[in-house]
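Chemist: First, the structure itself, so that you have it in front of you.
Rule-based calculations on the coordinates, nothing more; no lab input. Fair warning: this is a prediction, and the values are worked out from it, not measured in the lab. Don't worry about glycine lacking a Cβ; one is built from the backbone with ideal geometry, like all the others, and counts go over all protein chains shown.
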Amino acid sequence: MKRFLIAPSILSANFAKLGEDVTNVVSAGADILHFDVMDNHYVPNLSVGSMVLRSLRSYGVSIPIDVHLMAKPIDRLISDFAAVGANYISFHPEATEHIDRSLQLIKEYGCKAGLVFNPSTTLNYLEYVMDKIDLIVLMSVNPGFSGQLFIPMILNKIRQTRKLIDNTNYNIDLAVDGGINIKNIHSILKAGATTFIIGSAIFGSENYYEVIHNFRSVLSN
Ligand code: DX5
Ligand code: ZN
């Protein structure tokens, strides 16, 4: 298992040729695919649902997929996405009345569970559920759009979260989502992130292999 994972976010892919774009990013070295689901209710934008994930799986995409639910309510969606091949399902604590129950539901469906924190959302939500979480995602932009600027204050939040994780015996990945580029990835790494969710910096480039390779070189130094 690699220490650091690169997770391209489909939100910046070309949806008219999503299968091809995703296949190319996988051959270019992506570790996980980050699948952004937006409902125009929890966030002010609309993306795709479980049918599209099913199509990607039948197109032959076989790498692990993290479904990032930016939707409310979520419990129905958990079963839908588990049924079509999600490996991780991640949600925002504000999007469910019963965080513990939603985490348990994800586990019952055989997936790994992630909790996603908006830039201003407190980490206190973690206190009583650390044993049920496989992944913590810190948003470094406000959710809803790719191509936004990284919010520098999040570096402190990454450090804080890293300490929280290291004070437990649980094996929890720490992902950062939003505004990551070749200039800031090193500081995000140093702050303690292990998974790097990257949209526009990968899909907006001409050469996926080169850009992933460049990110990887920073991560291995
Ligand atoms: C934003 C999404 C992100 C986004 C990242 O709501 O959760 O995954 O697509 O894109 P960039 O890297 O362009 O900020
Ligand atoms: Zn995302």
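Chemist: Among the residues of region 193-213, write down those that are among the small types (G, A, S) and in contact with a Leu (Cβ under 6 Å, 6 or more places away or on another chain). Walk me through how you get there before you give the answer.
Modeler: Our first condition is that a residue be among the small types (G, A, S); within region 193-213, this holds for 193, 199-201, 204-205.
Of everything in region 193-213, those that are among the small types (G, A, S) and in contact with a Leu (Cβ under 6 Å, 6 or more places away or on another chain) turn out to be A193, G199.
Chemist: Still on this structure, please answer the following. Counting only residues that are more than 15 Å from ligand 1 (Cβ to nearest atom) and touching a residue at least 60 places away in the same chain (Cβ under 8 Å), which one in region 173-206 is surrounded by the most Cβ atoms within 10 Å (Cβ to Cβ)? Step through it out loud before you land on a result.
Modeler: Initial filter on region 173-206 (more than 15 Å from ligand 1 (Cβ to nearest atom)): 173-174, 186-187, 189-192, 194, 206.
Within this subset, residues satisfying the condition of being touching a residue at least 60 places away in the same chain (Cβ under 8 Å) are 173, 189, 194.
Values: D173: 21, L189: 19, T194: 19.
Taking the candidates together, the pick is D173.
Chemist: Which condition breaks for G144 when tested against (1) touching a Pro at 6+ places or on another chain (Cβ under 6 Å); (2) within 16 Å of ligand 1 (Cβ to nearest atom); (3) of a type outside the set (A, V, I, L, M, F, W, C); (4) within 12 Å of P93 (Cα to Cα)?
Modeler: Only one criterion is unmet by G144, namely (4).
Chemist: Could you check region 195-219 and list, in sequence order, the residues that are more than 23 Å from E20 (Cα to Cα) and within 16 Å of ligand 2 (Cβ to nearest atom)? Spell out how you get there, then give the answer.
Modeler: Residues of region 195-219 that are more than 23 Å from E20 (Cα to Cα), as a first pass: 195, 217-219.
Within region 195-219, T195 is the sole residue that qualifies.
Chemist: Please list, ordered by residue number, the helices (runs of 4 or more DSSP H) wholly in region 7-83 having 1 or more residues that are under 28 Å from F215 (Cα atoms).
Modeler: 18-27, 50-59
Chemist: Right, here's the next one. How many residues, within region 67-79, are touching a helix residue (DSSP H, G or I) at 6+ places or on another chain (Cβ under 9 Å) and surrounded by fewer than 18 Cβ atoms within 10 Å (Cβ to Cβ)?
Modeler: Selection size over region 67-79: 4.
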